[in-house]
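No lab work stands behind these numbers, since they all come straight from the coordinates. None of the values given here were measured: they were computed from a predicted structure. Counting neighbours? That spans all protein chains shown, and the Cβs are built from the backbone with ideal geometry, glycine included.
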Amino acid sequence: MSERRATVERNTLETQIRVAVNLDGTGACKLDTGLPFLEHMLDQVARHGLIDLDIVANGDLHIDAHHTVEDIGITLGQALSRAWGDKKGIRRYGHAYVPLDEALSRVVIDLSGRPGLEMHVPFTRGMIGGFDVDLFHEFFQGLVNHAMITVHVDNLRGKNAHHQAETVFKAFGRALRVAVERDPRMGDITPSTKGTLTETE
């Protein structure tokens, strides 16, 4: 059974990003981005998705975090797409509800070959520590555009912005874990009536 791993580097005048993923990992996570709260969220994806992540990012944080956060999302999306390849034998769809105290979020994923993001998270404040919550949308938009997947993110309730964000990322990890899982009943079949799940379809 082939390993589902990929490493992608993205270098621009604004950021230098390296992302390595292993879809069949144990949740190991190594992060060096200069953005502690984003790293806390990415650690949730790795641990709850059982996906190994190794991300190094150097960006123009002296301006703000926008370019770095967006480009991490883009590069992670590219790495995921390479890692799952033609998607034969996977479940394709995944969803998860995750609570944390008063907060509850739902994430639904389709590894469709078509980029689409519906994100509805009414954050109760604009900053979590020094992190601008608007950047979460930029992260997920970059990820879905380059992984070529459809993602629906809904924070159903929550009063604490940290809890809101954490439930979103935990639910994303859990939903992704289900979607990329190999389905023994599928064998080598592509889970699509079209017979393909590539971005050209």
Of the residues in the stretch 111-164, those that are over 19 Å from A79 (Cα atoms) and among the β-branched types (V, I, T) number 5
What are the residue pairs meeting all of these: first residue in the stretch 112-141, first residue in contact (Cβ under 8 Å) with a residue 40 or more places away in the chain and part of a loop (DSSP other than H, G, I, E, B), second residue crowded, with 19+ Cβ neighbours inside 10 Å and among the hydroxyl-bearing types (S, T, Y), Cβ atoms under 9 Å, and 6 or more apart or on different chains?
-> V121/S105
List the number of the failed condition for F37; all other conditions in (1) over 19 Å from R4 (Cβ atoms); (2) in a strand (DSSP E or B) hold.
-> (2)
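From the list I109, I74, I90, which one is over 20 Å from H48 (Cα atoms) and β-branched (V, I, T)? Spell out how you get there, then give the answer.
Details: I109 fails: over 20 Å from H48 (Cα atoms); I90 fails: over 20 Å from H48 (Cα atoms).
Exactly one residue qualifies, and that residue is I74.
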Being under 18 Å from L176 (Cα atoms), basic (K, R) and touching a residue at least 60 places away in the same chain (Cβ under 8 Å) narrows it down to one of R92, R10, so name that one.
-> R92
Which condition number does L35 fail, the rest of (1) farther than 18 Å from Q78 by Cβ; (2) surrounded by fewer than 19 Cβ atoms within 10 Å (Cβ to Cβ) being met?
-> (2)
Within the stretch 13-25, considering residues that are in contact with a strand residue (DSSP E or B) (Cβ under 9 Å, 6 or more places away or on another chain) and not in a strand (DSSP E or B), the one nearest to L61 (Cα to Cα) | E14
Contact list, first residue from the stretch 173-186 and touching a residue at least 12 places away in the same chain (Cβ under 8 Å) and more than 12 Å from D110 (Cα to Cα), second anywhere and among the polar types (S, T, N, Q) and outside any helix (DSSP H, G or I), beta-carbon distance below 9 Å, six or more apart or interchain, is none
How many residues does the stretch 2-12 contain that are among the polar types (S, T, N, Q) and in a strand (DSSP E or B)?
-> 2
Can you tell which of A147, A161, A103 is under 19 Å from R177 (Cα atoms) and surrounded by 19 or more Cβ atoms within 10 Å (Cβ to Cβ)?
-> A147
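Among M148, M127, which is out of contact with any Gly (no Cβ under 7 Å at 6 or more places or on another chain) and over 15 Å from Q44 (Cβ atoms)?
Numbers: M148 fails: out of contact with any Gly (no Cβ under 7 Å at 6 or more places or on another chain).
Exactly one residue qualifies, and that residue is M127.
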Scan of the stretch 46-62 for residues that are crowded, with 23+ Cβ neighbours inside 10 Å and assigned to a helix (DSSP H, G or I), ordered by number | A46, G49
